[in-house]
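K.L.:
Questions regarding the structure given below will be posed in turn.
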Amino acid sequence: MRRNKELAELKDEIARFRNETKQRLDLIEHELNKYIALNYLRIIVDYMGRTTIDFIKSLNCRESRQYELECKEEIIEAQQKYIDQLKLGNLSESNKALGEVIDITRHIEQKMTKKGRDICAACCRRQINMLMINKSLLNELIALKEPPIQNEEKLEIICNVNPSELDKKILTPLSHEVRLQIMLSIFKGNNRFAHFIEATGLSGGHLLYHVNKLIEHGFIQQYYSKDYGLTKKGMRVLLSLAQLNKENDQI
């Protein structure tokens, strides 16, 4: 009886130790996520500002020069509402403001469509696409600062990874240095084909092959203005690779 009691107490002690250890690990992970989020915050703010500038530069209204100037001013004002909050670290306020900008832009797009102003409606749709990418990035940044998901969930996510699909969709498309050079060039604001020539040293069909591979696998996209931009997937991958590279340098 005494031995059974001691064994039961030992099991309880082990269970308590496991629970305390798990709580400490979750806390450490949460703090690490907040640290990573602060690093990503600056990168994402820079990226949003850069994509806004590139989008505005690409605007060339066929209807009226006055329309073009007014639209550019409105876009800058709308973007500033959530980017200013983001710079202050007010993620929830920034996310709310961004959602309002998306709703307003959708309303304008519908109004332009009803009026038969197809060029303006198409411009609104391009802006909405850019804003939705920004919102996805912002949501990921917010998720980093929230309490982490349970280890069991993470284990399930990892266990369900299909190596073949991962290689096909992520690893192989990014296995060439030239493609990463193209993505970095876009991130830095050098987002035209001529810029890619400077960044990679390639030209013509050789360079176009790599550009098309990035488009095919959803890492970059091309706008009507012939400028290129990172997609949500491309931005996420680039951020992850940059963080891994930084951590590797610190080992």
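K.L.:
Consider region 171-193. How many of its residues are small (Gly, Ala, Ser) and more than 18 Å from Gln221 (Cβ to Cβ)?
P.N.:
Counting residues in region 171-193 that are small (Gly, Ala, Ser) and more than 18 Å from Gln221 (Cβ to Cβ) gives 1.
K.L.:
Report, by residue number, each residue of region 83-92 that is part of a helix (DSSP H, G or I) and either among the polar types (S, T, N, Q) or modelled with pLDDT of 90 or more (or both).
P.N.:
Result: Gln85, Ser92.
K.L.:
Applying the selection to region 96-118, what residues are touching a residue at least 40 places away in the same chain (Cβ under 8 Å) and either surrounded by fewer than 18 Cβ atoms within 10 Å (Cβ to Cβ) or not assigned by TED's automatic domain parsing to the domain that holds Ser64 (or both)?
P.N.:
The one that is touching a residue at least 40 places away in the same chain (Cβ under 8 Å) and either surrounded by fewer than 18 Cβ atoms within 10 Å (Cβ to Cβ) or not assigned by TED's automatic domain parsing to the domain that holds Ser64 (or both): Arg117.
K.L.:
Additional query: Answer with yes or no whether Ala194 is touching a helix residue (DSSP H, G or I) at 6+ places or on another chain (Cβ under 7 Å) and either crowded, with 18+ Cβ neighbours inside 10 Å or not charged (D, E, K, R) (or both).
P.N.:
The answer is no for Ala194.
K.L.:
So the check is Cβ under 9 Å with 6+ separation or different chains; which pairs have a first residue in region 62-76 that's exposed (fewer than 13 other Cβ atoms within 10 Å of the Cβ) and a second one that's part of a loop (DSSP other than H, G, I, E, B)?
P.N.:
Glu63/Arg117; Leu69/Cys61; Glu70/Ser64
The values are calculated or read from the model by the stated rules, or taken from the named source; none is laboratory data. Model, not experiment: these values are computed from the prediction. So basically every Cβ, Gly included, is an ideal-geometry build from the backbone, and we count neighbours across all protein chains shown.
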